[in-house]
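Below you'll find the structure, written out as structure tokens, and then a few comments.
The values are calculated or read from the model by the stated rules, or taken from the named source; none is laboratory data. Since the model is a prediction, treat every value here as computed from it, not as a measurement. Cβ coordinates were reconstructed from backbone atoms using ideal geometry, including for glycine residues, and neighbour counts include every protein chain displayed.
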Amino acid sequence: MKQKEFSIPFSGLKLGKHRFEYEIDNAFFESFEYQEFNGAKVSVVAVLDKLSTMMELKLEAKGTVNVDCDLTGEPFDQSVDAELHLVIKFGEEYNDENDEVLVIPHGEHQINIAQYVYEMLVLAVPQKRVHPGVLDGTLKSDILEKLEELQPKEKKKESEKTDPRWDSLKKLLTDK
């Protein structure tokens, strides 16, 4: 079983809300064989609300993951802020096909939330990762300087030069 510390033994809990806190680092992602992050420092709070016939789970995460910029390759800390709501019901057999409802078999006494934490955090990181220094112009890197150097220079295009024979006709267009 992956990440044993993410198993919540709900059968011994009283009805009501129960809070669990987790500190996520890169070892957590490596256990899922996920190599996209250079590092991670994320706090996750799980609140399990045990009701008489079902349970509700609310996950909230805040922190940073260190990723490489897609444009420059420079590593930077990407902030992560995510939440997930899950309804846990009891049924004949395990079923996690619905993103918002988990059905676990009657007689089950604990739930492992590691997969939900993992998916929530991976989806919270933007697809396109751009170093904040690229956006505000403060990042100095060899790659950015080379891109700037190779960028086409603006010069007066041939098409912008006018043929004097057409000038009087163009004037007619603006004299409306």
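For the reader, a short list of remarks on this structure follows.
- Residue count for the range 60-101 satisfying the condition of being part of a strand (DSSP E or B) and not polar (S, T, N, Q): 23.
- Selection status of Ser52, without any contact (Cβ under 8 Å) to a residue 24 or more places away in the chain and either more than 13 Å from Val117 (Cα to Cα) or touching a Phe, Trp or Tyr at 6+ places or on another chain (Cβ under 8 Å) (or both): no
- Residues located in the range 21-40, provided they are free of Cβ contacts under 8 Å to residues at least 24 places away in the same chain and over 19 Å from Leu84 (Cβ atoms): Asp25, Asn26, Ala27, Glu30, Glu33, Gln35
- Scanning the range 26-46 for residues that are surrounded by fewer than 14 Cβ atoms within 10 Å (Cβ to Cβ) and either among the acidic types (Asp, Glu) or touching a strand residue (DSSP E or B) at 6+ places or on another chain (Cβ under 6 Å) (or both) yields a count of 6.
- Evaluation of Leu121 against (1) surrounded by 18 or more Cβ atoms within 10 Å (Cβ to Cβ); (2) modelled with pLDDT of 90 or more; (3) touching a Phe, Trp or Tyr at 6+ places or on another chain (Cβ under 6 Å) (one fails), failing number: (3)
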